[in-house]
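Please read the structure below before turning to the comments.
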Amino acid sequence: MRINFELSSHGTLYLLRPVSRAASAWVEEHLPVATWFGGAVVVEHRYIGAIIGGAIGDGLEVRGWTKDAKAQQGDSRPRRDP
């Protein structure tokens, strides 16, 4: 399994870092007006579920987004991998 994104939680904001060419292309296509910080897209907590759901639906892998959270893609609170 190749990781395409790394996700980290910072309170009400999430940093979604593309770590593959496929992930970078996905961000360009789906988040064209994204706010960037330190090589990661800044995402408000209310949008993270839909964004991650879209990336996963397009076949991308996200580190920091567990199987349990994938089942609840509407849940805007990703759980950390153990």
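The values are calculated or read from the model by the stated rules, or taken from the named source; none is laboratory data. Fair warning: this is a prediction, and the values are worked out from it, not measured in the lab. Glycine also receives a Cβ, built like all others from the backbone with ideal geometry; neighbour counts cover every protein chain displayed.
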*Restricting the stretch 5-19 to residues that are loosely packed, with under 15 Cβ neighbours inside 10 Å and in contact with a helix residue (DSSP H, G or I) (Cβ under 9 Å, 6 or more places away or on another chain), which is modelled with the lowest pLDDT?*
Gly11
*Identify all residues within the stretch 4-27 that are within 16 Å of Asp58 (Cα to Cα) and among the aromatic types (Phe, Trp, Tyr); write none if there are none.*
Phe5, Trp26
*Select, from Trp65, Trp26, the only residue that is aromatic (Phe, Trp, Tyr) and modelled with pLDDT of 95 or more.*
Trp26
*Quickly run through the stretch 39-51 and pick out the residues that are over 19 Å from Arg21 (Cβ atoms) and not basic (Lys, Arg).*
Val42, Val43, Glu44, His45, Tyr47, Ile48, Gly49, Ala50
*State all residues of the stretch 25-41 that are closer than 16 Å to Arg2 by Cα and touching a helix residue (DSSP H, G or I) at 6+ places or on another chain (Cβ under 8 Å); if no residue qualifies, say none.*
Trp26
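Suppose we keep only residues that are of a type in the set (Val, Ile, Thr) and surrounded by fewer than 19 Cβ atoms within 10 Å (Cβ to Cβ) within the stretch 42-70. Which one would you say is farthest from Met1 (Cα to Cα)?
Only one residue fits best here, namely Val42.
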